[in-house]
Amino acid sequence: MSNAVRPELRAALEAEREELARRLTELTADGSAAPDFDENFADSAQVAAELGENMSLAVALRDQLADIEGALQRLDDGTYGLCSVCGKEISPARLEAMPATPFCIDHA
């Protein structure tokens, strides 16, 4: 990957990392994925459903954040744009669509 593109790519990945971290913090304000609710709330099924949704969303956000962190690490160590499995170049179109991907299309 061209060194000229890397600063722009790094900036975009860092912005995405900040956005994901912000969303995760908002979702898990007290460090958990539990929504704020009154424990005396009559509809415990609704509370359970919301808790499940929040937990699923928190897991997805953490996974995306880990992918971004991995991409930034690959930028630092010079392996960004190379498939983590076979070592071949990941196509520019794939990287444009999924900048944090560590895999070529054959190993996705």
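The values are calculated or read from the model by the stated rules, or taken from the named source; none is laboratory data. All of these numbers come straight from a predicted model, not from anything done at the bench. Cβ sites come from the backbone with ideal geometry, for glycine too, and all protein chains shown count toward neighbours.
Yes/no matrix, rows are residues, columns are (1) closer than 24 Å to Leu20 by Cβ; (2) among the aliphatic types (A, V, I, L, M):
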{"site": "Ala60", "(1), (2)": "yes, yes"}
{"site": "Asp76", "(1), (2)": "yes, no"}
{"site": "Cys83", "(1), (2)": "yes, no"}
{"site": "Ser91", "(1), (2)": "no, no"}
{"site": "Pro99", "(1), (2)": "yes, no"}
{"site": "Ala108", "(1), (2)": "yes, yes"}
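Among the residues making up segment 40-86, those that are small (Gly, Ala, Ser) and under 16 Å from the mean Cα position of the chain (by Cα) are Ser56, Ala58, Ala60, Ala66, Gly70, Ala71.
If I go through segment 72-94 residue by residue, how many of them are part of a helix (DSSP H, G or I), among the hydrophobic types (A, V, I, L, M, F, W, C) and in contact with a strand residue (DSSP E or B) (Cβ under 9 Å, 6 or more places away or on another chain)?
Restricting attention to segment 72-94, the residues satisfying the condition of being part of a helix (DSSP H, G or I) are 72-77, 92-94.
With among the hydrophobic types (A, V, I, L, M, F, W, C) added as a condition, the list becomes 72, 75, 93.
Retained after the next criterion (residues that are in contact with a strand residue (DSSP E or B) (Cβ under 9 Å, 6 or more places away or on another chain)): none.
Qualifying residue count for the region: 0.
Which one of Ala71, Ala66 is within 30 Å of Ala108 (Cβ to Cβ), in contact with a helix residue (DSSP H, G or I) (Cβ under 8 Å, 6 or more places away or on another chain) and either modelled with pLDDT under 90 or surrounded by 11 or more Cβ atoms within 10 Å (Cβ to Cβ) (or both)? Criteria check complete, one pass: Ala71.
Pull up segment 22-39, narrow it to residues that are at pLDDT 75 or above and loosely packed, with under 14 Cβ neighbours inside 10 Å, then point me to the one that is farthest from the chain's Cα centre (by Cα). Give the steps one after another, and end with the answer.
So in segment 22-39, the residues at pLDDT 75 or above come out as 22-28.
If we keep only those that are loosely packed, with under 14 Cβ neighbours inside 10 Å too, we end up with 22, 25-26.
Details: Arg22: 12, Thr25: 14, Glu26: 15 Å.
Ranking the qualifying residues of segment 22-39, first place goes to Glu26.
A Cβ distance below 9 Å, combined with a sequence gap of six or more or placement on separate chains, defines the contacts here; from segment 55-71, residues that are in a helix (DSSP H, G or I) reach residues that are modelled with pLDDT of 95 or more and of a type in the set (Val, Ile, Thr) in the pairs Asp67/Thr101; Ala71/Thr101.
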